[in-house]
Amino acid sequence: MPNAGPLCNDPHVSGDGRNGIRILSEGDSELAERISLEGKVAVVTGAGRGLGRAYVELLAERGARVVVNDLGTDVSGFGKDSTIAEQVADLIRSRGGEAIANDSDVSTPEGGSDLIATTIEHFGRIDLLVNNAGICGSQLFEDATLDDFDHYWRVHLGGPVNTVKAAWPYMVAQRYGKIILTTSVSGLFGLRGQATYAAAKCAVVGLMRILAIEGAEHGILVNTISPVGYTRMHPAAGSRLAEADGRAAMPVEAVAPAIVWLASDSCSETNRIYNVGAGAIQRIAIVMGPGFYDPHLTPESIAENYAKVESIEGFSEPGPFEPGGT
Ligand SMILES: NC(=O)c1ccc[n+]([C@@H]2O[C@H](COP(=O)([O-])OP(=O)(O)OC[C@H]3O[C@@H](n4cnc5c(N)ncnc54)[C@H](O)[C@@H]3O)[C@@H](O)[C@H]2O)c1
């Protein structure tokens, strides 16, 4: 969970920021109409603390009726505390918002079904499903067993599989739905000690590719967010940044606007990955370089032309593909 985004938050600076990010000029956002989520029903898993909590707070502030799911585990995924979700739902209601709590374990099929059934029972529909629940630790690959991989896989990939499976029929019937999955720079770019976590987090990207294709015909849009916000996961992943500094530099509240934008009717994006944190949002893409072509490719011609093989200058972004297509 390192900070992969720029830390320049000054909204009054124009031009290109660090990493080539364009930084907002004063007045740039004043023309945009305020986004309202009035009438929408949003489910966020793992919303009792950290990033998820910031998401439900802003979703509710923008008028969405929210379901605050959280099993209330420790950072490694053990234990249970139902009060974690209840406290956040209470807080939202105390501010005049509409919220219910749910303590289902989304890593099980029953938990996913229970969460969506509760949502439909209370609110009659589901417009947005944010798969955010997660666990974290740090362990070298050589120490990680297949059971450790399974433990991470069940929450980070199993959570989306279980909740999306349960929500899909309702979204199909409505001919409308938005799904947000959560990946991480740990998997997309690499972070020592994160083999179990990173493998599960990148599996989510593969799932998004297919859900986006199969959802398109039903009006279901699917995107993935790679958030950066200081939470208990940072020390768990080995960060030595002081908590106060981390929270100041990477507040979880800075990620929530991307969730509201993705949920809004004005956003029709699908099959995208966004890195969001510390005031920055940028698309992450998997691209292919033009490469080297030789109809009689040999090990030697690859070695001789490796600079072309390696280069991504003039890249393309392939897909989605059709079965039998190229
Ligand atoms: N914080 C970051 O910078 C960062 C970076 C990249 C990705 N992420 C991802 O963002 C998401 C949120 O992370 P966070 O940093 O807010 O962590 P967090 O530990 O503060 O919150 C995660 C929440 O998920 C809940 N949870 C865990 N297992 C669950 C289960 N099976 N069912 C229901 N709830 C469960 C926990 O109780 C916890 O409240 C995670 O998917 C994480 O992997 C975080």
Q: For Ala212, state whether it is among the hydrophobic types (A, V, I, L, M, F, W, C), surrounded by fewer than 19 Cβ atoms within 10 Å (Cβ to Cβ) and more than 14 Å from the chain's Cα centre (by Cα).
A: no
(Q) I'm trying to understand the selection: among the residues of the range 219-231, which are within 9 Å of the ligand (Cβ to nearest atom), outside any strand (DSSP E or B) and not polar (S, T, N, Q)? (A) Gly229, Tyr230
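Would you mention how many residues in the range 110-136 are in a helix (DSSP H, G or I) and among the β-branched types (Val, Ile, Thr)? Lay out the reasoning, then the answer.
Looking only at the range 110-136, we keep the residues that are in a helix (DSSP H, G or I), and these are 110-123.
Applying the additional criterion that residues be among the β-branched types (Val, Ile, Thr) yields 116, 118-120.
The total comes to 4.
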Q) Can we say Gly124 is within 16 Å of the ligand (Cβ to nearest atom) and surrounded by fewer than 24 Cβ atoms within 10 Å (Cβ to Cβ)? A) no
Q: Scan the range 161-183 and report the pairs whose first residue is in contact (Cβ under 8 Å) with a residue 12 or more places away in the chain and whose second residue is among the basic types (Lys, Arg) and within 14 Å of the ligand (Cβ to nearest atom), with Cβ atoms within less than 6 Å and a gap of 6+ or a chain change.
A: Thr183/Lys201
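Looking for whichever is in the same structural domain as Asp127 (by TED's automatic domain parsing), more than 8 Å from the ligand (Cβ to nearest atom) and free of Cβ contacts under 8 Å to residues at least 40 places away in the same chain here; the options are Asp90, Asp105. Which one fits? It would help to see each step written out before you state the result.
Values: Asp105 fails: more than 8 Å from the ligand (Cβ to nearest atom).
Answer to the selection: Asp90.
Could you pull out every one of the helices (runs of 4 or more DSSP H) wholly within the range 232-326 that has 3 or more residues that are aliphatic (A, V, I, L, M)? Before the answer, list the steps.
Numbers: elements: 233-236, 243-249, 256-263, 299-304, 306-310.
Here the list reads 243-249, 256-263.
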Q) Residues in the range 246-258: is at least one in the same structural domain as Gly187 (by TED's automatic domain parsing), β-branched (Val, Ile, Thr) and out of contact with any His (no Cβ under 8 Å at 6 or more places or on another chain)? A) yes
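Would you check which residues across the range 40-69 are free of Cβ contacts under 8 Å to residues at least 40 places away in the same chain and surrounded by fewer than 24 Cβ atoms within 10 Å (Cβ to Cβ) and list them?
Once the filter is applied, which keeps residues that are free of Cβ contacts under 8 Å to residues at least 40 places away in the same chain and surrounded by fewer than 24 Cβ atoms within 10 Å (Cβ to Cβ), the range 40-69 yields Glu61, Gly63.
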Q: Among what's in the range 137-156 and is within 15 Å of the ligand (Cβ to nearest atom) and either in a loop (DSSP other than H, G, I, E, B) or touching a His at 6+ places or on another chain (Cβ under 6 Å) (or both), pick the residue that is farthest from Val260 (Cα to Cα).
A: Ser138
Q. Give me the pairs: first residue in the range 120-142 and assigned by TED's automatic domain parsing to the domain that holds Ser186, second residue among the small types (Gly, Ala, Ser) and more than 16 Å from the ligand (Cβ to nearest atom), beta-carbon distance under 6 Å, and six or more apart or on different chains, which are they?
A. Leu128/Ala263
Q) Does the range 76-86 contain any residue that is touching a helix residue (DSSP H, G or I) at 6+ places or on another chain (Cβ under 9 Å), away from the ligand (no atom under 15 Å from the Cβ) and of a type outside the set (Asp, Glu)? A) no
Q | Gly124 being at positive phi and of a type outside the set (Val, Ile, Thr) | A | yes
(Q) Only one of Gly159, Gly111, Gly134, Gly72 is crowded, with 19+ Cβ neighbours inside 10 Å, under 26 Å from Glu243 (Cβ atoms), within 13 Å of the ligand (Cβ to nearest atom) and of a type in the set (Gly, Ala, Ser). Can you tell me which? (A) Gly134
Q. Is it the case that the range 172-189 has a residue that's within 11 Å of the ligand (Cβ to nearest atom), β-branched (Val, Ile, Thr) and surrounded by fewer than 24 Cβ atoms within 10 Å (Cβ to Cβ)?
A. yes
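The values are calculated or read from the model by the stated rules, or taken from the named source; none is laboratory data. No experiment lies behind these values; they were computed from the predicted model shown. Cβ coordinates were reconstructed from backbone atoms using ideal geometry, including for glycine residues, and neighbour counts include every protein chain displayed.
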